[in-house]
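Beneath this line is the structure, given in structure tokens, with notes to follow.
The values are calculated or read from the model by the stated rules, or taken from the named source; none is laboratory data. Bear in mind the structure is a predicted one, so any value in this text is a computation, not a measurement. Cβ placement follows ideal geometry from the backbone for every residue including glycine, while neighbour counts extend to all protein chains displayed. Ligands, DNA and RNA are excluded from the accessible area calculation, which covers all protein heavy atoms including side chains. Shrake-Rupley method; radii C 1.70, N 1.55, O 1.52, S 1.80 Å.
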Amino acid sequence: MMTRVAMWSGPRNISTAMLRSFGARSDTVVVDEPMYAYYLARTGLQHPGRDEVLAAQPTEWADVVAGLLAPLPPGVTVQYVKHMTHHLLTRPDEEWFDACRHAYLIRDPAKVVASYAQVRDEPTLADLGFAQQVAIWREHPGPVVDADALLADPRGALAALCEALEIPFQESMLSWAPGPRDTDGVWAKYWYAGVESSTGFAAPRTGATVVPERLRHLIDEARPYYEELAAQRLV
């Protein structure tokens, strides 16, 4: 039985660590942000490595979907796709959406804003994907995992997620070798330094989260969207 998992999150949600976790499974192929070039081409936004991303991925929506629905390699029964919610700019292709089991990775807005601001100085609410994530969940509800709960109890959170997705939990999901992956997007050198040095899920950070004063309004704007999905979280 084949399972295509579409994991929807905003940026800086430990989504790449989750990609590593699923990539450590024996039955899974992973895909890293397949809509990124399409998103950059349509919006014209200047992101780190923009030209490299545009050259590395299809920029037409039909080509993106065709790649996502392509047959899986022999012996692979799970496709895990890391999606950024703000990359979805068009009405979802129903054939593709119906072919997936959708899941959602959320994180406290203060931690998202603090982390994102280290890479891009002036993010907007749209950059962070909170509103888009809720919109997708309302039409295609699925299991919700909170990043802090995952970091606090990786085995428990992953086991609950796998049960909800109707795939077996594997112990291999709890650790991985450090370093880059062939499956990483070409933007990895700008965003993935932390996860490339990791070998598993780190313990959640304690202490105050420092957010620049000029960006604190984003926390208040994102909070209602986060809370709506947090009320649905698995653990």
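Here are some notes:
- Restricting attention to region 72-95, the residues being part of a strand (DSSP E or B) and surrounded by fewer than 11 Cβ atoms within 10 Å (Cβ to Cβ) number 0.
- Residues satisfying the stated conditions in region 143-179, i.e. closer than 17 Å to residue 79 by Cα, touching a strand residue (DSSP E or B) at 6+ places or on another chain (Cβ under 8 Å) and part of a loop (DSSP other than H, G, I, E, B): 143, 166, 167
- Tally of residues being among the hydrophobic types (A, V, I, L, M, F, W, C), in a helix (DSSP H, G or I) and farther than 30 Å from residue 22 by Cβ across region 195-235: 1
- Among the residues making up region 12-27, those that are over 22 Å from residue 110 (Cα atoms), open to solvent by 20 Å² or more (accessible area, probe 1.4 Å) and in contact with a Phe, Trp or Tyr (Cβ under 8 Å, 6 or more places away or on another chain) are 23, 24.
- Boolean, residue 20 is modelled with pLDDT of 95 or more, closer than 20 Å to residue 178 by Cα, of a type in the set (Lys, Arg) and in contact with a helix residue (DSSP H, G or I) (Cβ under 7 Å, 6 or more places away or on another chain): yes
- Note on region 34-44: residues that are assigned to a loop (DSSP other than H, G, I, E, B) and out of contact with any helix residue (DSSP H, G or I) (no Cβ under 8 Å at 6 or more places or on another chain) total 1.
- Residue in region 143-164 that is nearest to the chain's Cα centre (by Cα), counting only those that are open to solvent by 10 Å² or more (accessible area, probe 1.4 Å), of a type outside the set (A, V, I, L, M, F, W, C) and modelled with pLDDT of 95 or more: 143
- Count - residues of region 45-57 that are open to solvent by 40 Å² or more (accessible area, probe 1.4 Å) and in a helix (DSSP H, G or I): 6
- Counting residues in region 101-116 that are open to solvent by 10 Å² or more (accessible area, probe 1.4 Å) and more than 26 Å from residue 224 (Cα to Cα) gives zero.
- Filter pass, residue 167 being open to solvent by 10 Å² or more (accessible area, probe 1.4 Å) and either aliphatic (A, V, I, L, M) or touching a helix residue (DSSP H, G or I) at 6+ places or on another chain (Cβ under 8 Å) (or both): yes
- Every residue from region 117-142 that is surrounded by 22 or more Cβ atoms within 10 Å (Cβ to Cβ) and outside any helix (DSSP H, G or I): 129
- Residue 5 meets each of the listed conditions (1) open to solvent by 10 Å² or more (accessible area, probe 1.4 Å); (2) farther than 24 Å from residue 113 by Cα; (3) touching a residue at least 60 places away in the same chain (Cβ under 8 Å) apart from (1).
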